[in-house]
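Working notes for the structure below.
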């Protein structure tokens, strides 16, 4: 099975952090190809950057989907974007954020999310709201560290995450902890033993679910909300994207 | 006062239909400049086209905002896009869809929307949901006509709208009728006398509210969800948009 | 255009505070006539006083509506009352509370309201709930000052409002600040420059929207929830009100 | 025990219909005194009449509460009014509408309401919404008969109610039937044997609950939302009401 | 009238605490028979124990219902269990938890619940949610005492309850206080005079409402969600329960 | 990996139907052991049977969990039961109903469920509500066939399912079809090609997700809502269950 892992920002290092977790959890025989966005910003923390990323993501799909069984979008914070991508993609597509919350639902009634920075906290809140999961959200806790800290001071970042998780369990009555940033991927396995409730990796969840959709035989719908656009003339787009829009199956 | 009216699709004829209504309702002294999207599709009926339009809209803002007091986005169906545009724009920005629903709220407890085509019906439903107005939605009724019909067979289209509105009032208990497509603009004034409840033009509503925000002195926030992005390095964008993202105020 | 501004309590000084803001924002050519309630209390802080004010408001409408294009009710806290008044009035009617929240919706996802006194805080909460805006309410903050303080110690009151607003933005994640009491009107313009998000005056919002409804041509509905009562025999009411109820159009 | 039964309209015949049901269900030793409104309309079918009735109800309480242990308001359709009356009354107060829905909650997950006339249907819907019971509302069915029919053609009206109830159970999946108009009182006992789910009389429910609140020892709160107004100077009211507002306990 | 009071756990002392309150409030002529569960645990604080109690409760109903007019289940924390019991029982059945919340609804817009222990706090929250009353929940406050303390150190426990209630009124804006544990029954009457808002005993509420349902003539539904199971062959159950399932009326 | 598949009713033929689908989709190396309930009914269509099944399920877990990595409960209709089982089980546990809806969420905004019989339709509705998915439910469609028909007249049943699914897509705007009964398992693969949107097998979904939870390393929580009961003395239970409750880890 071949999965296409698309990073909606331009940061190859964040793509690699997520890809490492994806490959760690993938089943034997699952190949994961990784691509970052062809344009936009290296870290998406505003709605404006997310709007550009929405376009970039479609371009990435058009350019790279060929030969893949399913697509994973490595993004916790862009619900409208992933909905458009689901419609657009010719194979099943899952965003890591929705996959992480779907896993959390199975593991406990209420979950807390660890996030990085105030803008991400707001956008994470809106993702939870958009997915209809607000009644189950115990809290969103800000790690108070930078993406760089997560790499250079990994032990300290892990300790911060453990402390926040324990407090969320005690104070916010969280039953599950979800890692709320792509740059935190890899951490779940390191801290799991120190936390008395499940710790969810959205990337791992997305790989499991993408593999599962393929194994179950789900294919591109030809009716309903996620039936793809066809035969649409677009102007001003790159050739691959333009061609994809105008195709007729 | 100068208002910038942005059409998120590339159709200059739809832009003109909306602009005519905007200019009809505008106060003396209000100048309205109209621009259509620089890339994308001529009619947005899928999430994928909307995702591209989200990018195109930011480009239009960056290219044309200078010298304007407020911006109107002529779109009934793209909530996430207008939220990003509000964050991005350096002056107050209103989408016609949200303006139409805000006016409807003042005029009655429950409203019905006349829309064009099944895809628009679904996306209109999601707009209403995203704005938290679902409890007040009496129905969305499909006109069953094409955009061309609205121009070429105007009298018949008006009759259809009146019949649907009367039925929505009777059957769905609607207290207000909202025109749910840019191509229907201009119709409110023609059919108002034949319908016993208010008929809302989203474009007219947006002009009233945009003028109002300017008169009330509302300016770009520098904190909160709609504070603008600043100092962000973007790659692969057109120069005006790239320059706008990287500016520091 | 002539607007009728009705104060549902008997305090002429509060009526004048609101009227001053209304006239400041009104378009050239808009005349605003102001009347306070003919009976009831001078400040409405309980449901019981509001119930009496509901009757007094209909009496005021019957006595004074003649010759006006629209009506504004200067009240932040009485949703059922303003709904009845909308039904009763022969021209469009807007309450300042709903107008303030409608403006806030356009300016940001979440708003905080500055209120005066614990009873007002509770009734304000219920107004927000009745308008379906609870998911967007960041907080209601009590000014901790009296109505007299707002006049006699204006600078101190302004400073209090600024401090509360800044804290609401920081702590409650508010994107918009709404002035939640008629006696605070006039303050928005004085403090706007000290607050990094929009500050909304409900009275100014109501004037803008009332003018707008008239300019857009909205008239009294003859069907639906706000079609007026007609041909109803009432006993024990003042003659003007009784006569209004029994008229047939 | 003495209960005060207040009819918010001026119709003594409707008061008697409801009083008959109240006395039928009352415990031995419970005395029920009945008063209709001193002003207003004989049948409340609009928000405007309800607004006047809100004032009239407070006047009735002030005039007649003395010597009673609890108050029942015979009204299915006026939530804001009964909330004000709860705050105002010096003893526990229950509206028949809320009592009927509280009984329905105990008897099944979903209920249908039989109502009389389109205006009542709309106001009944809003009562259910205001009480937070919309998720449990299976349907509101219009009897299509007049109040006079209920008296003069009782057998036919009963048959209509039975037919509607059976259809609501079958089609709308109703588990409970609620009589939605004061003029229908007395019917529950006549039709109960012909309907396979419980049939709720709101008046009977209110008597049971009012007696129960007294037996349980619940008294007027002196804090919270329903603490009464005290020491308030009101102008232009009848002497009893004015005196009640200005008292200090 | 004969009421059957079923305790879903095996503790006869808790059954007696609840029964004492039930008999104190019961009308003259109401006889109350009390039975505890035939198997399970002595105090239900987990979902697993509640699942066993759900079976035990049906066994108790089958064994003891004969000759009773209605059934009360003394349980604040098991919504799905009481729904099954309502379906199963051949006479009206009320759980004390739902009865307490129904009483609270009549007495004020928002209520706080005093509970015992963190597990009970969580399960109480879910009961409130399952009954659709979350919008009215001001808070759940943990007494921080054991069931034994309630008996052996009654004065101290009463003082704790009063202090928590006063704080809930002040801080959480509670309008009503509900006793959230069977072991707290009897307290309402002792502390009522020290608290300025109503204090609700769920057991007393359930007796009032069970008596009321009988007086109103409500009988077992033969259609809808609570129509009983009939003619069902069950294996492995005690004979009384098995026989009850397989009967045909 | 060894998975324990528990059927909460006593029907070994339904257990085999579900087990066949489970084994069809399971990964190589996944062993699936199947057990039906030790007591209760052969088909659960009432809340009363479900209450008994809740107990039976815990007995099955206590008797059979040893040596398994995760547990699947083959049940679409019993939310409170599966929550208790999650708490009780010493390894991750998933119910097929929640797994099916979690898969549906990934595949489209709105889903329809095909169910068998009116009781199942009501209980399915409540499952969707309990999982917070009501806003996404397009419809529940009754197959109108018996469980026997599904085996003996498979082709006709398949045709019925296809017709209902196509109508749900057209009329109810469904984007996904979910098989809502264990006896329908196996059908998804046969009808997938005839339906233009995804068809979800809850059993297949549960296998995918159970395998996934194990691969991701999720273990039994020792805090939060699903921490297991320990050291609890239960009376009257079978020895294995009693012993499981009283163990201390």
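How about the range C:141-164: which of its residues are within 20 Å of the chain's Cα centre (by Cα), part of a helix (DSSP H, G or I) and under 21 Å from residue B:218 (Cβ atoms)?
C:161
Residue D:32: touching a residue at least 40 places away in the same chain (Cβ under 8 Å) and either under 19 Å from residue D:221 (Cβ atoms) or not assigned by TED's automatic domain parsing to the domain that holds residue D:236 (or both), yes or no?
No.
Out of curiosity, is residue A:113 assigned by TED's automatic domain parsing to the domain that holds residue A:178, assigned to a strand (DSSP E or B) and under 17 Å from residue A:185 (Cβ atoms)? Talk me through it step by step, then tell me what you get.
Values: assigned by TED's automatic domain parsing to the domain that holds residue A:178: yes; assigned to a strand (DSSP E or B): yes; under 17 Å from residue A:185 (Cβ atoms): yes.
Judged against the criteria, residue A:113 is a match.
Given the criteria within 17 Å of the chain's Cα centre (by Cα) and either buried (at least 23 other Cβ atoms within 10 Å of the Cβ) or part of a helix (DSSP H, G or I) (or both), does residue B:124 qualify?
It is true that residue B:124 is within 17 Å of the chain's Cα centre (by Cα) and either buried (at least 23 other Cβ atoms within 10 Å of the Cβ) or part of a helix (DSSP H, G or I) (or both).
Here is a check on your reading of the model: is residue D:181 within 18 Å of the chain's Cα centre (by Cα), at pLDDT below 95, within 26 Å of residue C:130 (Cα to Cα) and more than 14 Å from chain E (Cβ to nearest Cβ)?
Yes: the conditions hold for residue D:181.
Could you check how many residues of the range A:165-174 are more than 10 Å from residue A:140 (Cα to Cα) and either within 21 Å of the chain's Cα centre (by Cα) or in a helix (DSSP H, G or I) (or both)?
6
For the range A:88-105, indicate whether the set of residues that are in contact with a strand residue (DSSP E or B) (Cβ under 7 Å, 6 or more places away or on another chain) and more than 27 Å from residue F:217 (Cα to Cα) is non-empty.
There is at least one residue in the range A:88-105 that is in contact with a strand residue (DSSP E or B) (Cβ under 7 Å, 6 or more places away or on another chain) and more than 27 Å from residue F:217 (Cα to Cα).
Of C:155, C:133, which residue is out of contact with any helix residue (DSSP H, G or I) (no Cβ under 8 Å at 6 or more places or on another chain) and not assigned by TED's automatic domain parsing to the domain that holds residue C:72?
Unique residue meeting the criteria: C:155.
So which residues in the range A:30-45 are facing another protein chain (nearest Cβ under 7 Å) and surrounded by fewer than 24 Cβ atoms within 10 Å (Cβ to Cβ), if there are any at all?
Initial filter on the range A:30-45 (facing another protein chain (nearest Cβ under 7 Å)): A:38-41.
The answer is A:38, A:39.
State yes or no: is residue F:48 assigned to a helix (DSSP H, G or I), within 13 Å of chain E (Cβ to nearest Cβ) and within 13 Å of the chain's Cα centre (by Cα)?
Taking the combined requirement at face value, the residue does not satisfy it.
Can you tell me which residue is farthest from the other protein chains (Cβ to nearest Cβ) among those in the range B:61-81 that are buried (at least 24 other Cβ atoms within 10 Å of the Cβ) and part of a helix (DSSP H, G or I)?
B:61
Working carefully through the options B:196, B:90, find the one that is assigned by TED's automatic domain parsing to the domain that holds residue B:61 and not in a helix (DSSP H, G or I). Walk me through how you get there before you give the answer.
Working: B:196 fails: assigned by TED's automatic domain parsing to the domain that holds residue B:61.
Criteria check complete, one pass: B:90.
Looking at (1) within 14 Å of chain A (Cβ to nearest Cβ); (2) farther than 25 Å from residue B:56 by Cα, can you tell me which one residue B:243 breaks?
That leaves (2) as the condition not met.
Here is a check on your reading of the model: is residue B:212 under 20 Å from the mean Cα position of the chain (by Cα) and outside the structural domain of residue B:61 (by TED's automatic domain parsing)?
No, not satisfied.
Within 14 Å of chain E (Cβ to nearest Cβ) and crowded, with 16+ Cβ neighbours inside 10 Å: which single residue out of F:209, F:234 fits that description? Steps first, please.
Working: F:209 fails: within 14 Å of chain E (Cβ to nearest Cβ).
That would be F:234, the only listed residue that is within 14 Å of chain E (Cβ to nearest Cβ) and crowded, with 16+ Cβ neighbours inside 10 Å.
If you scan the range A:190-200, which residues turn out to be more than 7 Å from every other protein chain (Cβ to nearest Cβ) and either touching a residue at least 40 places away in the same chain (Cβ under 8 Å) or out of contact with any strand residue (DSSP E or B) (no Cβ under 7 Å at 6 or more places or on another chain) (or both)?
Narrowing the range A:190-200 to residues more than 7 Å from every other protein chain (Cβ to nearest Cβ): A:190-191, A:193-195, A:199-200.
Result: A:190, A:193, A:194, A:200.
What are the residues in the range A:205-249 that are in contact with a helix residue (DSSP H, G or I) (Cβ under 6 Å, 6 or more places away or on another chain), closer than 22 Å to residue F:200 by Cβ and outside any loop (DSSP other than H, G, I, E, B), if any?
Within the range A:205-249, A:205, A:206, A:207, A:208, A:209, A:212 meet the criteria.
Inspect the range E:137-149 for any residue being within 13 Å of chain D (Cβ to nearest Cβ), surrounded by fewer than 24 Cβ atoms within 10 Å (Cβ to Cβ) and touching a helix residue (DSSP H, G or I) at 6+ places or on another chain (Cβ under 7 Å) and give the result as yes or no. Talk me through it step by step, then tell me what you get.
If we filter the range E:137-149 for residues that are within 13 Å of chain D (Cβ to nearest Cβ), which is where we start, we get E:137-138.
Still in the running and surrounded by fewer than 24 Cβ atoms within 10 Å (Cβ to Cβ): E:137-138.
Filter once more, keeping what is touching a helix residue (DSSP H, G or I) at 6+ places or on another chain (Cβ under 7 Å): E:137-138.
Checking the range E:137-149: at least one residue is within 13 Å of chain D (Cβ to nearest Cβ), surrounded by fewer than 24 Cβ atoms within 10 Å (Cβ to Cβ) and touching a helix residue (DSSP H, G or I) at 6+ places or on another chain (Cβ under 7 Å).
Quick one: in the range D:12-24, which of the residues that are crowded, with 18+ Cβ neighbours inside 10 Å and away from every other protein chain (no Cβ under 11 Å) is farthest from residue C:232 (Cα to Cα)? I'd like the intermediate steps shown before the answer.
Here is the first cut: in the range D:12-24, the residues crowded, with 18+ Cβ neighbours inside 10 Å are D:14-15, D:17-19, D:21-22.
Adding the requirement that they be away from every other protein chain (no Cβ under 11 Å) leaves D:14-15, D:17-19, D:22.
Numbers: D:14: 17, D:15: 19, D:17: 22, D:18: 23, D:19: 25, D:22: 29 Å.
Once the filter is applied, the top-ranked residue is D:22.
All but one of (1) more than 14 Å from chain D (Cβ to nearest Cβ); (2) touching a residue at least 40 places away in the same chain (Cβ under 8 Å); (3) not in a loop (DSSP other than H, G, I, E, B) hold for residue C:27, so report the exception by its number.
If we test residue C:27 against (1) more than 14 Å from chain D (Cβ to nearest Cβ); (2) touching a residue at least 40 places away in the same chain (Cβ under 8 Å); (3) not in a loop (DSSP other than H, G, I, E, B), just (3) comes out false.
Does the range A:95-118 hold any residues that are surrounded by fewer than 23 Cβ atoms within 10 Å (Cβ to Cβ) and more than 9 Å from every other protein chain (Cβ to nearest Cβ), and which are they?
A:117
Yes or no: the range C:222-235 includes at least one residue that is in contact with a strand residue (DSSP E or B) (Cβ under 8 Å, 6 or more places away or on another chain) and within 27 Å of residue B:136 (Cβ to Cβ).
Step one: filter the range C:222-235 for residues in contact with a strand residue (DSSP E or B) (Cβ under 8 Å, 6 or more places away or on another chain), giving C:224, C:234-235.
Filter again for within 27 Å of residue B:136 (Cβ to Cβ), leaving C:224.
Scanning the range C:222-235, I find at least one residue that is in contact with a strand residue (DSSP E or B) (Cβ under 8 Å, 6 or more places away or on another chain) and within 27 Å of residue B:136 (Cβ to Cβ), so the answer is yes.
The values are calculated or read from the model by the stated rules, or taken from the named source; none is laboratory data. Note that the structure is a prediction, hence the values are computed from the model and not measured. Cβ: placed from backbone, ideal geometry, glycine included. Neighbour counts: every protein chain shown.
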